[in-house]
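Before any comments, here is the structure.
The values are calculated or read from the model by the stated rules, or taken from the named source; none is laboratory data. Predicted model only: the values in this text are computed from it and were never measured. Positions of Cβ are generated from backbone atoms using ideal geometry, with glycine treated the same way; all protein chains shown enter the neighbour counts.
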Amino acid sequence: MAFDMARVKRPEDVGLSSERLKRLTDALKTDIDEGTVPGAVVLVARNGQIACLEALGYRDREAGAAMAPDTIFRIASMTKPFTSVATMMLAEEGRLLIADPVARYLPDFADLKVAVDSDNASAKKLSKEPMRRQMTVQDLLRHTSGLTYAHLTGHLLKKTYEAAYLADEKQTNAEMTAKLAKLPLAHQPGSTWQYGMSTDVLGRVVEVASGMDLDRFIVERICKPLGLAHTTFGPIDAARVAQPQIDPASGKRPPMRDTAIRQTWISGGSSLLSTAGDYVRFCQMLLNGGELGGMRLLSPSTVALMTSDHLTPETRRSPSTPTLFGALAPMSELGIGFGLGFAVRTHAGRNPLPGSVGDFSWSGVTGTYFWIDPTQQLIAILMTQAPMQRLRYRYLMRTLVYQAIVE
């Protein structure tokens, strides 16, 4: 049975200031009126209740279509927590172990080569060496597998990735991993935090371990039990979907997936479509320690493991990889680590943005962002389709949500 989160009569009922929350919506309205972004849906929940759910601006500015609270967004990398939860559900069932080598599920990954100094922009030839140890499922979950995205590595490895056409929407997950297994890793497994295709490979591991296609597993085992009726891999009616606005400089919309077409490739890293109302239920399940409305997906100990920092002091960050907060500084300098699917705050200070030790989060390149703060019993979600402006709104959202907490 679907679980509907109650909405409080006043934000003050959960310790938030109505007047101060209005600063957040006013700031977004100003930017919408000035044409900076087309529109947004903002949701703030505390103590298991929704304190703020506002649909602002346009679902499609050029069509004059207003944003609605149940507008569907391309959530991009906010798909990754779903794939990570799917993995840990299988671990709890004994169908995989996160300490296992990936090659146990994907034999082609047993003898990968590793590029030497893949971030060296001046290299003339891509040198390779053997793996010093096997890549594990844990490495995929925490992005220490050595896998990358083409645009986040040196030019020689970038060319190799691009030539493999890894983002082909007509491929299957099995075909994608077969391509990746022929390419060198950017770093030795376990040595470096490098954002990339780890969660896409994890999606294929879920398929092998479960015997189900990834989209079917996520819909049947996560979305239906949690009542996420609007979370889908598509296709969906265009009248429900938020669209980016035309960029005045180019006269075109930023490129985004056509949601009217069902992709063959179900990317574990980026393929989901969802609403703020659905995503808050997924978040509340995690905040509750793996349970929502009587439906338990994970144990509290598993959620605690997922939201702990899994990076060691020796794990360096690739210089080509941005953090959740852009290029401000390496994650460790910002008091941020990484768990099994989420960025995790490790220090109260070190960071220009507010938060609590133990809060966990992730975002999407399309402009989506969420975080969960167990200390404050807080969930905040921003849904927009404004890729070029996404960093500004992550910063804005953090600052203006926390300043609204008065109890």
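Brief remarks on what is shown
- Residue under evaluation residue 118, criteria (1) at pLDDT below 95; (2) surrounded by fewer than 15 Cβ atoms within 10 Å (Cβ to Cβ), criterion not met: (2)
- Scanning the range 40-64 for residues being assigned to a strand (DSSP E or B) and either among the β-branched types (Val, Ile, Thr) or touching a residue at least 60 places away in the same chain (Cβ under 8 Å) (or both) gives a total of 12.
- Residue match in the range 205-223 (condition: more than 18 Å from residue 177 (Cβ to Cβ), touching a residue at least 60 places away in the same chain (Cβ under 8 Å) and hydrophobic (A, V, I, L, M, F, W, C)): yes
- Selection count, the range 1-22, where residues are surrounded by 16 or more Cβ atoms within 10 Å (Cβ to Cβ), in contact (Cβ under 8 Å) with a residue 24 or more places away in the chain and of a type outside the set (A, V, I, L, M): 4
- Residue check for residue 355: assigned to a loop (DSSP other than H, G, I, E, B), touching a Gly at 6+ places or on another chain (Cβ under 8 Å) and assigned by TED's automatic domain parsing to the domain that holds residue 254: no
- For first residues located in the range 245-267 and under 30 Å from residue 216 (Cα atoms) and free of Cβ contacts under 8 Å to residues at least 40 places away in the same chain, partners that are of a type in the set (Gly, Ala, Ser) and part of a loop (DSSP other than H, G, I, E, B) and lie 6+ apart or on another chain with Cβ distances below 7 Å form the pairs 262/234.
- So residue 242, is it of a type outside the set (D, E, K, R) and over 24 Å from residue 387 (Cβ atoms): no
- Of the residues contained in the range 201-219, none is found to be assigned to a loop (DSSP other than H, G, I, E, B), hydroxyl-bearing (Ser, Thr, Tyr) and touching a helix residue (DSSP H, G or I) at 6+ places or on another chain (Cβ under 9 Å).
- Residue count, the range 40-60 (criterion: touching a strand residue (DSSP E or B) at 6+ places or on another chain (Cβ under 7 Å) and more than 22 Å from residue 281 (Cβ to Cβ)): 2
- Flag for residue 217 being surrounded by 22 or more Cβ atoms within 10 Å (Cβ to Cβ) and closer than 22 Å to residue 168 by Cα: yes
- Qualifying positions in the range 22-43 - under 14 Å from residue 381 (Cβ atoms) and touching a Pro at 6+ places or on another chain (Cβ under 8 Å): 41
- The set of residues from the range 165-175 being closer than 18 Å to residue 261 by Cβ and either aliphatic (A, V, I, L, M) or not assigned by TED's automatic domain parsing to the domain that holds residue 140 (or both) comprises just one member, 167.
- Residues of the range 265-307 that are hydroxyl-bearing (Ser, Thr, Tyr) and buried (at least 17 other Cβ atoms within 10 Å of the Cβ): 267, 270, 271, 274, 275, 279, 302, 307.
- Filter result for the condition that a residue is among the aliphatic types (A, V, I, L, M), surrounded by fewer than 17 Cβ atoms within 10 Å (Cβ to Cβ), modelled with pLDDT of 95 or more and out of contact with any Pro (no Cβ under 6 Å at 6 or more places or on another chain), over 106, 56, 97: 97
- Exclusive hit being in the same structural domain as residue 397 (by TED's automatic domain parsing) and farther than 16 Å from residue 368 by Cα, set 55, 27, 40: 27
- Residue within the range 119-128 that is part of a helix (DSSP H, G or I), closer than 27 Å to residue 338 by Cα and within 26 Å of the chain's Cα centre (by Cα) present: no
- Within the range 227-270, the set of residues being among the hydroxyl-bearing types (Ser, Thr, Tyr), part of a loop (DSSP other than H, G, I, E, B), out of contact with any helix residue (DSSP H, G or I) (no Cβ under 6 Å at 6 or more places or on another chain) and closer than 26 Å to residue 207 by Cα comprises 259, 264.
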